[in-house]
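The structure appears right after this line, and notes come after that.
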Amino acid sequence: MSRLQLWGKNTVSIDLIYKLNLSNLHEMNCLRSVVLKSTVNSSVGEPKDIVFGLVVLELLSNQKAKVLRTRKSIAAFKTRKFTPISSKVTIRSKNLHDFLDFLVCIVLPKLAQFKELNKNNLVTSRKSLSVGFANLAIFPQLSKESERLPRNLGLTVTFISGSVSKTTPKLLLLLGEFQMPIVT
């Protein structure tokens, strides 16, 4: 078991039961997966640029990345059917806690303007929360190769919960319990 997994089992679950006044342990919010998605703005005109996103995701997650393609042609976006536009990796189980530990302890403190993640700056839906990174040089795996990466390469980290209640405040509270600095 990883350090963050033990923390979640022994401390976070008990804290959330008291804070949310839950009657059943299975009502508690849990992280189901983390999805890393990289996009290159120039990949529509230059499909070979998608390789940079694949390499970045494989370096960050130690998993094979999947190429996402367009489903149909859209003239306004200048895309054709089955053109590669981005890549993604889904992280689950043990790797999820390892990546979350890496993100909270190593990556987020390196941000220059970083004090806390404001709730208004996060993209939320009912069961997920997304955080975007424009500067990939803050990741230690990519610091040496940051000059070779395209400038318009971005990374989106999406936290997906597996809760019954499907509410974002409980997900924010859960991420706050894992020491992710989020202001509600």
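The values are calculated or read from the model by the stated rules, or taken from the named source; none is laboratory data. This is a predicted model, so every value here is computed, not measured. As a convention, Cβ positions derive from the backbone with ideal geometry for all residues, glycine included, and neighbour counts pool all protein chains shown.
Numbers at a glance
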| read-out | value |
| --- | --- |
| Hits in the stretch 29-68 - residues which are modelled with pLDDT under 90 and among the basic types (Lys, Arg) | ARG32, LYS48 |
| Filter result (modelled with pLDDT under 70 and β-branched (Val, Ile, Thr)) within the stretch 83-129 | VAL123, THR124 |
| The stretch 15-28, residues that are modelled with pLDDT of 80 or more and either surrounded by 11 or more Cβ atoms within 10 Å (Cβ to Cβ) or within 22 Å of THR158 (Cα to Cα) (or both) | ASP15, LEU16, ILE17, LYS19, LEU20, LEU22 |
| Residue check for SER61: crowded, with 17+ Cβ neighbours inside 10 Å and of a type in the set (Ser, Thr, Tyr) | yes |
| Near pairs, Cβ below 9 angstrom, 6+ apart or cross-chain, from the stretch 1-30 (touching a residue at least 40 places away in the same chain (Cβ under 8 Å) and closer than 20 Å to LEU100 by Cβ) to any residue that is part of a helix (DSSP H, G or I) and of a type in the set (Ser, Thr, Tyr) | MET28/SER13; CYS30/SER13 |
